[in-house]
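Just below is one structure, and these are the notes that go with it.
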Amino acid sequence: MRLREKTALITGGGRGIGAATAILFAWEGAKVGVMDLREESFKGVVDQGREMGLELKGFMGDVTDKKQVDRAVDAFVQEFGRIDILVNNAGIAISRPFLEKTVEDWEKTLRVNLIGVFLCSQSAAKYMLQQKSGKIVNISSIRGIEHCGREGVMDYSASKTAVIGLTKTMAKQLAPYIQVNAVAPGHTKTEMTLSLPEEVKRNMIEGSFLKRMAEPEDIAKAILFMASEDADFITGQTLVVDGGFSLKRT
Ligand code: NAD
């Protein structure tokens with residue numbers, strides 16, 4: 001019960017890494033809010049939690065829309081009394097070759113993956129600063145760290161590198177009461193990677209020294225660490241969880 005009596009809001013928590021994190025956090029004793037685009041997006045994980053005897057509550061909201069974000073965060077605090085943990089997990093990737101990449105792709109990606117992190121953090125920090133405590137965990141990506149950009153998703157890579165920069169800056173600005181850290185997952189079995197060609201997925205597995213893709217639960221455990229009291233003296237850092245993919249071969 002590493003999150004006993006804590007409250008946690010997870011953006012994009014309706015499926016994939018966010019859903020695994022929501023279930024794990026609730027299992028560890030937290031009161032969990034799942035924020036996602038539509039009711040259908042979070043119904044599945046809320047029902048799954050109920051079947052396991054865990055109580056999760058869904059909050060509708062688009063992380064790119066300040067009004068919706070503030071409404072969801074306010075509703076969360078009204079429901080649970082405070083906000084101890086925010087996990088900025090919502091993210092998108094639009095794959096298109098370099099010469100065909102559009103301004104719209106860039107804008108959509110940056111709005112969700114980067115500005116969304118800022119808006120949700122700003123909204124939650126308002127309460128966390130009053131409480132004089134809080135933890136924010138941002139989800140970056142292996143594609144946002146050194147040497148790891150991938151063909152077709154240069155805008156995604158740029159957004160995920162920027163999340164690491166934003167994490168460090170927020171860690172300084174929100175200290176000493178709020179710790180802000182990032183988790184950079186490697187290739188993980190979710191809907192985001194499901195539709196990739198088999199050959200690309202094979203290369204992802206081959207490139208990982210542990211010879212597999214991550215399960216969403218592998219990433220959720222690292223997010224739990226960063227959100228828990230075990231990480232009380234860590235701020236501004238990025239934890240890479242990639243089965244060794246980012247290690248150099250020679
Ligand atoms: P996913 O596509 O399975 O789930 C993303 C969730 O975010 C969905 O429930 C979706 O509805 C929600 N979402 C999308 N846009 C939103 C918005 N504007 N507002 C609110 N919710 C929104 O993705 P995933 O694979 O679970 O990825 C979760 C995070 O981990 C993302 O930030 C992603 O970039 C990152 N990541 C994933 C991988 C991977 O291999 N799957 C690797 C590295 C990093």
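The requirement of being in contact with a helix residue (DSSP H, G or I) (Cβ under 7 Å, 6 or more places away or on another chain) and either open to solvent by 60 Å² or more (accessible area, probe 1.4 Å) or within 11 Å of the ligand (Cβ to nearest atom) (or both) is satisfied by Gly91.
Note on the range 73-88: residues that are open to solvent by 40 Å² or more (accessible area, probe 1.4 Å), under 21 Å from Phe225 (Cα atoms) and among the acidic types (Asp, Glu) total 0. Filtering the range 192-217 to residues that are under 19 Å from Glu151 (Cα atoms) and among the acidic types (Asp, Glu) leaves Glu198, Glu199, Glu206.
Restricting to the range 35-55, and then to whatever is outside any helix (DSSP H, G or I) and at negative phi, can you tell me which residue is modelled with the lowest pLDDT? Checking each candidate, the answer is Glu55.
The rows are residues; the columns are (1) exposed (fewer than 15 other Cβ atoms within 10 Å of the Cβ); (2) in a strand (DSSP E or B); (3) within 16 Å of the ligand (Cβ to nearest atom); (4) under 19 Å from the mean Cα position of the chain (by Cα).
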| site | (1), (2), (3), (4) |
| --- | --- |
| Ala26 | no, no, no, yes |
| Gly29 | yes, no, no, no |
| Lys57 | no, yes, yes, yes |
| Arg71 | no, no, yes, no |
| Val117 | no, no, yes, yes |
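Consider Ile223 carefully, then state whether it is of a type in the set (A, V, I, L, M, F, W, C), out of contact with any Pro (no Cβ under 6 Å at 6 or more places or on another chain) and closer than 14 Å to Ile136 by Cβ. The answer is yes for Ile223. If you filter the range 73-105 down to residues that are assigned to a loop (DSSP other than H, G, I, E, B), within 21 Å of Lys135 (Cα to Cα) and of a type outside the set (Asp, Glu), you find that the one that is nearest to the chain's Cα centre (by Cα) is Asn89.
For the range 122-135, the set of residues classified as within 13 Å of Ala72 (Cβ to Cβ) and in contact with a strand residue (DSSP E or B) (Cβ under 8 Å, 6 or more places away or on another chain) consists of Ala124, Tyr127, listed by residue number.
The values are calculated or read from the model by the stated rules, or taken from the named source; none is laboratory data. Worth saying up front: this structure is predicted, and the values here are computed from it rather than measured. Don't worry about glycine lacking a Cβ; one is built from the backbone with ideal geometry, like all the others, and counts go over all protein chains shown. The protein model used for the area step is the full one, side chains on, heavy atoms only, and it has no ligands, DNA or RNA in it. Shrake-Rupley method; radii C 1.70, N 1.55, O 1.52, S 1.80 Å.
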